[in-house]
1. Report the per residue volume, in Å³, of the convex hull enclosing the C-alpha atoms of region 1-55.
2. Of the residues 48, 106, 24, which exhibits the maximal mean-square fluctuation in a Gaussian network model of the chain defined by a 10 Å Cα contact cut-off?
3. Using the alpha-carbon centroid of each, what span in Å lies between region 88-112 and region 15-74?
4. Subtract the Cα-Cα distance of residue 13 and residue 170 from 0.36 nm times their separation in residues, and report this length gain in nm to one decimal.
5. Specify the residue with the greatest mean-square fluctuation among 64, 126, 31, computed from a Gaussian network of the chain linking alpha-carbon atoms under 10 Å apart.
6. In what sequence do 88, 82 fall when counting other Cβ within 10 Å, fewest first?
7. What number, rounded to the nearest 500 deg cm²/dmol, is the helix-based mean residue ellipticity at 222 nm of the chain, given -39500 (n - 2.57) per DSSP H run of at least four residues and division by all its residues?
8. Roughly what angle does helix 152-167 make with the longest principal axis of the chain, taking Cα atoms, 0 to 90 degrees, to the nearest 10?
């Protein structure tokens with residue numbers, strides 16, 4: 001017969017204590033992971049709602065439409081008179097929109113927001129429309145500044161939306177309110 005000693009009981013209790021501690025630690029880690037996932041999902045929902053509230057505001061929609069309705073024949077002339085001229089209101093409107101779309105692209109590239117989220121804000125229409133309309137102006141800014149990366153995330157956003165539309169079997173360039181925004185004439 002096995003004789004039970006105090007040392008054996010003590011070792012058994014130590015082993016049980018260690019196992020309980022390990023079990024508790026594992027359960028705590030799992031609970032923390034679930035909490036972190038929940039916090040991440042909550043943050044994504046908050047970000048979505050912030051973006052949604054911004055792009056559906058009357059002010060933002062009006063600014064987007066006003067910018068798409070602008071017409072120009074000569075990029076340099078347009079830039080000198082309308083953007084770089086003494087009235088800064090158009091410059092502010094334009095770059096507010098540019099940086100908004102550029103910021104979306106940067107967040108998509110960094111994995112901070114899902115491209116599908118941006119696409120779901122109207123099928124990527126606005127980003128593609130604005131890129132088509134303003135690409136010559138942005139390219140001229142890049143050339144003038146000697147900065148090929150200027151607003152590169154804007155371009156990335158538009159191209160990503162075009163790619164997603166193509167994957168979904170849609171035209172890469174969405175139709176406009178009545179037609180696509182007129183493309184400006186490119187001057188040499």
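1. Hull volume over Cα atoms, normalised by residue count, gives 43 Å³.
2. 24
3. Rounded to whole Å, the Cα centres lie 19 Å apart.
4. 49.8 nm
5. With Cα springs under 10 Å in the chain, the top fluctuation among 64, 126, 31 is at 31.
6. With the fewest neighbours first, 88, 82 line up as 88, 82.
7. -23500 deg cm²/dmol
8. 80 degrees
Only the coordinates and a few stated rules stand behind these numbers; no lab work does. Note that the coordinates shown come from a computational prediction; the quantities given were computed from them, not determined experimentally. A quick note on method: Cβ atoms are made from the backbone with ideal geometry, for glycine too, and the neighbour counts reach across all protein chains shown.
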